Each structure stands twice: as C-alpha cells, then as structure tokens.
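Nothing in this text is a laboratory measurement; each read-out follows from the coordinates by a stated rule. Remember, it's a predicted structure, so these values are computed and weren't measured experimentally. Cβ: placed from backbone, ideal geometry, glycine included. Neighbour counts: every protein chain shown.
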Amino acid sequence: MISGKYIVESTFQIERKNKHLPANKKTSSSRTLQSLILDLSSYWAARGCILQQPFDMEVGAGTSSPETFLRALGPDPYRVAYVQPSRRPDDGRYGENPNRLYKHMQMQVILKPPPADIQDLYLQSLETLGIRLRDHDLKFEEDNWENPTLGAWGLGWQVMLDGLEITQFTYFQQCGGIDLNPISVELTYGIERIAAFLQDVDSVYSLRWNETTSYGQVRWREELQFSVYQFEMADVEMLWAQFNLYEKEARRLLTAFAEIKDDDVARGRFPVLPTYELVLKCSHLFNLLDSRGALSVTERAGIIGRVRQLACGVAAAYMQQPKIEIPQQRAHSGN
Amino acid sequence: MKEKYQEFFLELGVEEIPAWMIPGALRDLRQHLEKGLTENNLAPDGSLELQTFATSRRLVAFCPRIAAKQPTVKEAVQGPPKKISFDAAGNPTVAAIQFAAKNGTTPDKLKVVTTPKGEYLSVKVTRRGRPAIEILSELIPQAVKGIYFPRTMHWDSDAEGKTGTQFIRPIRNLVAMCGGRVIPCSIGNVKSGKTTFGHRNLSKSGGKPVLAVKTFADYRQALAANGVLLDPSERRARILDEAVRLLQSENGLKLKPSPELLETHTYLTEHPTPLLGSFDPSYLSLPEEVLITVMRGHQKYFAVEDAAGKLAPRFIAVMESDGDATGVIRHGHERVLRARFNDAQFFWKADGKTALQHRLESLHDVTFQAKLGSYFEKSSRMQALADALVSGLRHSQFVVDPQMQSDIVQAARMAKCDLTTDLVKEFTELQGIIGGLSARRENLSESIATAIYDHYLPQSMEDELPRTLGGNILSLADRMDTLVGCFGVGLAPTGSKDPFGLRRAAQGVIRILAEKQLPLTIDGLVGAGCEVYRYAQRMGEAESWQDAAARQPLIDFFEDRLRYYLREVRGFAYDEVEAVIQAGGSETRFKTLEVADMVKRVEAVALIRTTEDFEPLAASFKRMKNIIEQARKSHGFTGGRPQPELFNMAEESSLHARYEEVFQIVEREKSSGQYTAALQVIASLRPAVDLFFDKILVMDPNPEIRTNRLCLLDMLLNGFSTIADFSEIVPRESKPSGAA
C-alpha cells in the first residue's frame, strides 16, 4: 500500500516532536487533524477495510454515500472506511460559532457483518489516537438513529468521552425500507470534535490541520460564504426547478427499471447506481430549500416523503438487480 | 455426594443496555425465572429467594437454593374405555396394548377404574423428577427471550444466513451455573460457560470474558476484584456519598437533587465515581433554568446550589471509572460544558432580539397536529377559550378583576410563542419556561410571565400545579384545546395507545379544577372547547373536526378519569364515588360534573357514612328506587307531586311533613356548600322512613292511593339525591348498626 509509508513517517514526526514538549503537555495534544485521519484510516485498513475516498457529491452524512447506503443492502460482506465531508446547510453559522459548521468531516467505518468484538475494536482505535482509556471516562449512551429521507434506522449509542460525544455507533437495521441481513455496524467519528479534544482547543477554527496551517485558514471563508449563499442568496425558484428535474429523472428511471421484465441482461446493466445519485441531488436541494426558509411545514413533510419514496425505490431496485459477473481480468489485479 | 439443594445463578453479558430499560428488564427476568422454577417444582417449600442485579453491561439472577432435582411423583394415568380395550374373549385389544406400552408396562398390569363417565383402563406410573440443570437449560433461553423491550435489534446471522436472535443490544456472554456446574444452553450464537468479564478500564483483562467462576460467591469476588460494583444500590449509594464528600470542600454547597438522574447514572455504569467540576461564574447571568437544563438534560450533570439555595458555579459529573488522578477528565467535562453554555448564551441573546409578540406570525410554520393546524391557530383558540373560562368563573361569582382577565387572555395568546426560539428548539423541556422568562425580560406584567411560565404544569400526577390563576387557566385552555381537538378528529385514545397523552391531559384538568377549587364544570369546559372549534371551522380551520366525535365522548372520557382520580388518587371508596357521580336523581339524566363541588360532596359522604343512620337510610333509598322503577314498568307510573289529601295513614303524612321540613334545611345548607350538615339532616329522616316502610304497603290495591304514595317516594328520592345518589351506597356488612 502506497500510503503506508507516509503514515509511518507522520506518526514518527509527531512522536519525535513530543520529546521536545514540556512534560505537563499531553502526548496527544500535538496530534494534528490530518494525522488523526491518517491514524484512523490505517487502523481500519489494517482490519480489512477498503479505504475509500470521500464521495464526490453533496451529502448530509457519511451514511448517504453509496458506500454505506447501498453496500449495507444485500448479503455480501463488506468493510470500508472513508472520510466524508458532510454538508448540513442549516447548521451554517457564518463562521461565528466555534462549534457549529455548515460542513464537517465524518470518518465513516462500515463493518458488514460486525465482528463479535466490535466494541473492543472500536475502543482500540481510540487508543491508537493516543487516548489512554484508563485515564478517561468513556460511556456508551443510548442513541437510536433514524434518517427519514433514506428510510433507514438503527440502534446503538453515542460514545461519550469525558462528556463529549465523539462517535455514533449504530447497528443498522433497515435501509431504504428494507430489513438488512446481515446487519452492518456503522461507526461515525466526528473528526473536528475528536481533534479539538486531542488538541484541547475551544474553537474548531483554531485546530491545527497540520503543523503549520489552522482549520480556520483552510475553511473559514467557505463557512462564511456558504452561509451567505444558502441563507440569503440561493435562488429559491432555481432550487425548486432543479429539485423537480432531478426527481423527475429519478422517477423516470425507476419506472423504466420496473417495466423491464424477464430480461436479466437489460436489468443487470440498468443504471441503478446513477439513479441513486439523482436521489442524493434531491436530498441536498431539499436541505438548501429548508435552510433558505422556503418550505412550509406541510411542504417539508411532503418533500421528505417524496425523497424517501425515491430512496426506497432505489434500494428495492438495487436488491432486485441481477448482479452481472465482473469480467475476470477486471476483478483481479496483476497477471 | 448428592446435595438436595443447589445454588443457581445466571449472568447475561450484553453490550450497554439503555439505562432506563434495565429495572423493567430485571423485573421481567425475575418473573419468568420464578414462574418457570415454581411450575417445575424446583422451589424449596414453594419459596424462592431469587435476587436480581444489573449493571450497564449485565443482567444477573441468583437463587441461593433450588431443588437439585424435581421430586419423583407417582400418579394414575387414565387410558381408553374398558369396552374398546378387550375383545369378546376378554383379550386385550390394540388400544390396551398400545396404552400399556406407552406407559412402560404390560396389559396384564392394567387396572379398570370406574369414573363418572364409565369404566376406563388405568395404570400407576412413577414419574422420575428431572435434574434442575436440565430444566434450567430450557428455561434460561426462554426467560431471557421473554424480556420485553420497546424496540429490539438483530446483530448476528445464524448458520443459514438468516438474522438470528433479537434483543435490546447484542448479547455477548452467558454465565449459567447450577451447583457449580455449567448449565448447558445457548442464546443465539452465544453458548453458556463459566467465565465472566470485568470492568472495561479497571480490570487487568480489559473486560474480556476470562474470569472463571464456580459459585456465586466466586462470581461476586471476581467482579469486585475487577472493578465491577454489581449491586445497583451500592452504586447509587456510592454516587450520593461521594458527591456529598466532594461538596464538603466548599462551605454550604449542596447537590440539587434529581432522582431520575441518579437512577440514570446507577444503570449507566459499572463503577461510578462522581467528579466535582466548575464553570465560569459569568454564566450565572443566564437564567438558572437554562443552566440546569443544559447540565442535566444534555450532559447528565447534577447541578449544585449554595447555602442560600442559589445555583453555584459547580457541577457533579459521574465518571465510569475509579477516579481522575491527573485531572484530565474534569478538564474535559468542563470544556464540553463551556461550549454548551456558550451555545445557550448565544441562543438566549439571539432569541432576545425578537419579542414574544413578534413571534406569533412564525407560529404558522409550527405544526400542532396535521388535522388541527398550526400553533398559530392553536394560540387563537387558546385565547378564546381562556376568555370563555374566565367568563365562566365570573358567572359563578368567582372574582376576577378586569386587569387580570386581560392579562390572562394576553398570556394565552403568547403562550406558545417560545416554540420558535432557538433555546426551546434546542431544549424542548424548557417550553413555557423560556416564554415566561422572555416575558419578564420584555417587562410584560408579572402575572403574564408567570402564567406562561407555568402553563405546561402539571406534567404528572405528582407534579406541582401552576402557581397563579392565570397559569391554571392557561393550562386548562391548552389541555382542553388538545382534548376537544384530538377527539373531534378521531384521535381519542384506544386501549393502551395514547400517543397524544390525552389521559394525562384530562388528569391535569381534573387536578386543577379539584385542587384549585375552580367552580367550572366538565360539560362547561367541553362545551366551551367545542364552541371555539366551531368558530374556527367558520374561519376555514380544522375542517375535519366533528362536534359529535368530541362532545359526548369527551364528557364520558372525563367521567372515567374523574372516577380514577377520586378513587385511586384521593382514595374514596367505589360506592361513594358512584353515589356522587350519579347524583341528580331519577328525573334528570343531565349530570353536571363540577369537579371541585364533587370533591366536597364525596368528602361529605365519606364522613357521614360512618354515622348510625346513614347506611340504613341509604338502603331505604335503594328500596324506594327499586319500587319506583318496578312501578314505572308494571303500572306505567310517570311521577307527579303527592297530594296530601289522599294520604290515609299517619306515617305517610308525617313522612311528607318531615320531607317539607328537611328539604328547606337541606337546600339552605347546600347553597352555602355545607354538604356534611345537609347530609346529616337527610340522615335524620331515617325514623320517619323506617316507620313508613314498617306500617305501609306502597302498592295499595287502590290505584289513586298507590300512585300518591309512589309520588311521595319519588319526590323524596329526587329531592335528596342532588348531593349523592344514596342508592349507590353499598352498606358495609361489618357495621354493627347494619339494618340492611
């Protein structure tokens, strides 16, 4: 793995730097945001996870990425980890609130099926970050997760470290309205929160992204400008028009899929995956309309229902689609 | 060496169970085990000393003594009838041979017994008791799977790839021991064994299931040595004691008690240790209610108060660990709380930029209930209803000055405005309170602020009621609007389902009326509510609401709640409550449920029924009622006034005379609310009534005389059943004076 060497080097750098720190500074306090991502990535890579790259569309959470939403469906085992920048327009605060962000990063880990020692594996990942659990207060507190637009829910906990919620730990039960079998476990680490904990800073903007650059330097303008856009300037008519277009296209495709009968080749090559991306477009446009204050209560409930209907339609199509064998030479590297 | 009795214990190792569900889960587990052990005759002398324990990660049951084996029993087993068991030659048939074989014997050992149904074959068999361990291996999985949880999950797949067992969270370990041996059983993919696990952080084995145990004493020892405090009461006491000890460091600091929070921490942990933290005193400029809610609701911290009862800039957190040697945990908790307080401060300031009354319009965007419209519409209805209730009070000579009335109506209008504040969106439990605090900040009158502040009270049977008349009127208006509205659109509670909390809402109405002694009737409240909805419909709102679905069904619903309140909450006897509810006599079917008045009447009935004359008189009333009902049926009696000139016996004239006297006094006492005195006077009728029934046959052959006597009794019944319907009173047999 190409990136492995880099991880080792960066870890080494941090440790070397620690030697020059005063004794009263915690070891972990010099961990940068990016080294946190690297350490979690290599930890889960070593436990059989594919390291995916962030999904290249706007999503509200790592769960919306097809690497979670679609992979959780069906019988095939899967393990994946990725960082997902997650956009929640309504949480935008013009860069003024030290803890709330329009866009934050989630480290998403999916283990399907979950190993019996999944809690221990998770706790070890924290130790990897330099958090010595013996010195801390860690609790798993009930937190049941539900995403109405995706027709998904699960049971689990919020993991509390010294009073701070650092991870959502969920056993998925349903996705797109379909009962899952096997179950997937989803770990969602709040990257900014954990980094702020490790660096002991009160504002997300003063986080050190690497040794020389702060979170504020990288992201503050984005927080400001996207807040301005989505709260003040986004053209509501344009957003509605886009929403309707994407919804229409997704519906057209789902109907077309349903109309193909007894033709496994046509069904197997049908663009179910692109249909899902159209649903995600709708979902993001809904979020923008909502933060723009353009939705009345009834409209809001109605749109959530429409998006859920599409998401459930895609999930059903994904399950029904015959899986075309991946050609030999494409499935195996080398040779 | 075989022991007659053995100990049995069970530990179910589960990933963190939601704290609030644990006590219920333990009750279920105990019940299932007790039932199974008793039904299988394993309880020594029929009694089990079953104990249960739990931490966040384990459910435990322990029985010091169960029978090692079921008793061996001899019993007679009945077989086929004799007539099909032997052929003509007296030889056993197939039926007899099969019956014998099934019971491990030969046909010649079979006997014939005579039963009420005829002659049957019979055989004596000895049933060998099964060992306890064998029974437990079946009972344990059943008992565990029988635990009720509101929502369960899958986590595993079985061999066929189907998802396996369901439980509240994944089951990961199972210790099941009987007499020092493992009880072989499994739940899902988890097999029973003899190794338990310690505390995640405080045991050397890192909480892995490697601690082998044989007896329950071993087990407790292993847990204690590995950082687990098994007994919830020990954890509860530890949290309280240590918190008190921490607070001794500063003069006069006290924990603000919160029993729910204490229970949460008791079951959220295996080894709780309190920690004392501080926050910047500058945050004390925020309302205390906000600070406490942030600490309690979000962070599960106990608030701390100073000697004067004011909030101190301290908090108690509970760690799932044994201490905080480096101070790093305290530092972490303080950091999180600071961020939370900053958020709250930001919201409190930002919310202050928009006055409550300017928030009314935005209530259009907050749904109350899909069929009943937005909170804007609800606010208009509450305003109208509050106005109607105040007028109703004034109508009953209850003094409400005009300024007060205008304050109440204004408060009702704005009561829901705080739903649009960021603080309430963030902390729903502060609804009402934020409205009240905002009203105060905006220098609205104190009576408006308090009314809004209190109007969600009471939340439960034990909860306090609003402090002021305004608060009570708002609370009534809010609840009545919800009740009348939900009933009218077909959302009345059914069976155990009550998603809108309507029973609780009705209970709140009754408590306010009864305990604040407001002279309002249930029918009046329901009627006013219906009027407001009819008006709203004329404005094009709440279109699907129907008067017929709301009015009478809701009055009946209230009557039921009122029974519950008087009996279960106030402790009045069944017949006393019925007597008061059925009051009004036979002529009028219209009953006025004036709750405060009913409480006074039932109190009077309960007081007077112990006196000598009362129950015998009640029995006579019952008799009168029966006679009249009978006469209505068989003689077409329709009532009327008795005519004194038709009396031909002294006893009926004197009863009539007594009636006239007593009626005057009773009416006078009643009108001044002296129900006990009124009932005493009624009870004094007893000698006259007794004499009447001794000497007179009501059903005289002469129809004129008969009807006149019936009229006299009917007048008596109706005249004296306005406080309570005495015929509902069931005389208590143990009473020495009991003449019934």
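Brief remarks follow.
- Restricting attention to region B:425-436, the residues that are crowded, with 20+ Cβ neighbours inside 10 Å, assigned to a helix (DSSP H, G or I) and touching a Leu at 6+ places or on another chain (Cβ under 9 Å) add up to 3.
Yes or no, residue by residue, for (1) part of a loop (DSSP other than H, G, I, E, B); (2) in contact with an Asp or Glu (Cβ under 7 Å, 6 or more places away or on another chain):
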residue: A:ARG251; (1), (2): no, no
residue: A:LEU254; (1), (2): no, no
residue: A:ARG267; (1), (2): no, no
residue: A:LEU278; (1), (2): no, yes
residue: A:LEU285; (1), (2): no, no
residue: A:LEU295; (1), (2): yes, no
residue: A:GLU299; (1), (2): no, no
residue: A:ARG306; (1), (2): no, yes
residue: A:GLY313; (1), (2): no, no
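- Residue in region A:104-116 that is at the interface with chain B (Cβ under 10 Å from one of its Cβ atoms), buried (at least 19 other Cβ atoms within 10 Å of the Cβ) and over 17 Å from the mean Cα position of the chain (by Cα) present: yes
- Across region B:316-338, the number of residues qualifying as within 7 Å of another protein chain (Cβ to nearest Cβ), surrounded by 14 or more Cβ atoms within 10 Å (Cβ to Cβ) and assigned to a loop (DSSP other than H, G, I, E, B) comes to 1.
- Strands (runs of 3 or more DSSP E) lying entirely in region B:1-100 (those with 1 or more residues that are under 30 Å from B:LYS300 (Cβ atoms)): B:5-14, B:51-55, B:58-67
- Residue within region B:457-467 that is part of a helix (DSSP H, G or I) and under 24 Å from B:ARG511 (Cα atoms) present: no
So that you can scan it fast, the table gives a plain yes or no per residue for (1) at positive phi; (2) over 37 Å from the mean Cα position of the chain (by Cα); (3) surrounded by fewer than 18 Cβ atoms within 10 Å (Cβ to Cβ); (4) away from chain A (no Cβ under 14 Å):
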site: B:ARG314; (1), (2), (3), (4): no, no, no, yes
site: B:ARG340; (1), (2), (3), (4): no, no, no, no
site: B:THR354; (1), (2), (3), (4): no, yes, yes, yes
site: B:PHE398; (1), (2), (3), (4): no, no, yes, yes
site: B:GLN405; (1), (2), (3), (4): no, no, no, yes
site: B:THR420; (1), (2), (3), (4): no, no, no, no
site: B:LEU423; (1), (2), (3), (4): no, no, no, yes
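- Residues of region B:37-56 that are under 25 Å from B:ARG220 (Cα atoms) and either small (Gly, Ala, Ser) or touching a His at 6+ places or on another chain (Cβ under 6 Å) (or both): B:ALA43, B:SER47, B:ALA54, B:SER56.
- Candidate set from region A:72-92 (those that are of a type outside the set (D, E, K, R) and in contact with a Lys or Arg (Cβ under 6 Å, 6 or more places away or on another chain)); member that is farthest from A:ALA46 (Cα to Cα): A:PRO85
- In region A:167-184, of all residues being in a strand (DSSP E or B) and touching a residue at least 40 places away in the same chain (Cβ under 8 Å), the one that is nearest to the other protein chains (Cβ to nearest Cβ) corresponds to A:TYR171.
- Sole residue being outside any loop (DSSP other than H, G, I, E, B), within 24 Å of B:PRO170 (Cβ to Cβ) and small (Gly, Ala, Ser), chosen from A:SER86, A:SER125: A:SER125
- Those residues of region A:134-159 which are under 19 Å from B:MET319 (Cβ atoms), buried (at least 23 other Cβ atoms within 10 Å of the Cβ) and more than 9 Å from chain B (Cβ to nearest Cβ), in sequence order: A:VAL159
Okay, residues lined up against (1) of a type outside the set (Ser, Thr, Tyr); (2) in contact with a helix residue (DSSP H, G or I) (Cβ under 7 Å, 6 or more places away or on another chain); (3) closer than 25 Å to B:VAL602 by Cα; (4) touching a residue at least 40 places away in the same chain (Cβ under 8 Å):
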| site | (1), (2), (3), (4) |
| --- | --- |
| B:TYR659 | no, yes, yes, yes |
| B:LEU679 | yes, yes, yes, yes |
| B:ARG686 | yes, yes, yes, yes |
| B:VAL689 | yes, yes, yes, yes |
| B:ASN702 | yes, no, no, no |
| B:LEU713 | yes, yes, yes, yes |
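- Within region B:199-225, the set of residues being buried (at least 16 other Cβ atoms within 10 Å of the Cβ) and either more than 13 Å from every other protein chain (Cβ to nearest Cβ) or not in a loop (DSSP other than H, G, I, E, B) (or both) comprises B:PRO209, B:LEU211, B:VAL213, B:PHE216, B:ASP218, B:TYR219, B:ARG220, B:ALA222, B:LEU223.
- All conditions in (1) under 19 Å from A:LEU33 (Cα atoms); (2) within 11 Å of chain B (Cβ to nearest Cβ); (3) in contact with a helix residue (DSSP H, G or I) (Cβ under 7 Å, 6 or more places away or on another chain) hold for A:ARG93, with the sole exception of (1).
- Test result for B:LEU469, farther than 23 Å from B:GLU377 by Cβ and either touching a Cys at 6+ places or on another chain (Cβ under 6 Å) or not hydroxyl-bearing (Ser, Thr, Tyr) (or both): yes
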